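First up is the structure itself, then whatever we jot down about it.
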Amino acid sequence: MDLKKIFEHNEQWIAEKLSKNPDYFKSLSSGQKPEVLYIGCSDSRVTAEELLGAQPGDVFIHRNIANMVPNTDLSSMSVINYAVSHLKVKHVIVCGHYNCGGVKAAMQSSDLGILNPWLRNIRDVYRLHARELNAINDEEQKYNRLVELNVQEQCMNVIKTPDVQRAYKDRKLQVHGWVFDIRTGMLKDLKIDFDQKMDKIMEIYRLD
């Protein structure tokens, strides 16, 4: 990528926005009130704004390798705190994608150095669902199913956070698990029944 082209594109983008609305940047700088928090993968092929058709100000976005929400990660916990408790978003979306390099790496036994602690979170997802995954003989199908199960578990990690538990008390907040298929461009809603999945454990996470 030619970095000079980035600045040329930036100038063109500014001119385009101002031609349609002279107060565009003035309005944009006045504050943000997004209704959606999007937690996705850092993969360069999965651009959240383009995927969602979102404009600046529409979506609060957090991305990391394999769209993880570990409770020990201060970055994702801080994002959830700000989005849920301060911006008062109405929806939290965890969006994974098929052909995810992070999930693929977690399925292998290679020593990946600094990535090992991060990938262990995905390996723990495999451990939790080993019976289902080990029954899948086709490696690609197993890989895709782990992508989906990882999204499910990260959604549950979102629900367990104190910020989300507090939000549930006074307003309607919805958590969604989605997967993006790079091969087709389609978004898939996993339609996870979190009440059913977490029925027997929520009492230890629910805040009084």
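The table below gives the values:
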quantity: Top-ranked residue in region 181-192 [being charged (D, E, K, R) and under 18 Å from the mean Cα position of the chain (by Cα); ranked as nearest to ALA167 (Cα to Cα)]; calculated: LYS191
quantity: Those residues of region 1-32 which are basic (Lys, Arg) and surrounded by 10 or more Cβ atoms within 10 Å (Cβ to Cβ), in sequence order; calculated: LYS17
quantity: Region 72-96 - residue that is of a type in the set (Ser, Thr, Tyr) and touching a residue at least 24 places away in the same chain (Cβ under 8 Å) and, of those, nearest to MET156 (Cα to Cα); calculated: SER76
quantity: Region 97-115 residues that are assigned by TED's automatic domain parsing to the domain that holds ASN67 and surrounded by 14 or more Cβ atoms within 10 Å (Cβ to Cβ), paired with ones that are part of a helix (DSSP H, G or I) and basic (Lys, Arg) (beta carbon under 7 Å, 6 or more apart); calculated: ALA106/ARG123
quantity: Residues of region 150-208 satisfying the condition of being touching a residue at least 60 places away in the same chain (Cβ under 8 Å) and assigned to a loop (DSSP other than H, G, I, E, B); calculated: THR161, ARG171, LYS172, LEU173, ILE182, ARG183
quantity: Unmet requirement for GLY57, which otherwise passes all of (1) within 16 Å of PRO34 (Cα to Cα); (2) in contact with a Phe, Trp or Tyr (Cβ under 9 Å, 6 or more places away or on another chain); (3) of a type in the set (Gly, Ala, Ser); calculated: (2)
quantity: Selection status of MET77, out of contact with any Leu (no Cβ under 9 Å at 6 or more places or on another chain), assigned by TED's automatic domain parsing to the domain that holds ILE182 and surrounded by fewer than 18 Cβ atoms within 10 Å (Cβ to Cβ); calculated: yes
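The values are calculated or read from the model by the stated rules, or taken from the named source; none is laboratory data. Just so it is clear, the structure is predicted and the values come from calculations on it, not from any experiment. Methodologically, a virtual Cβ is constructed for each residue, glycine included, from the backbone with ideal geometry; neighbour enumeration extends over all protein chains shown.
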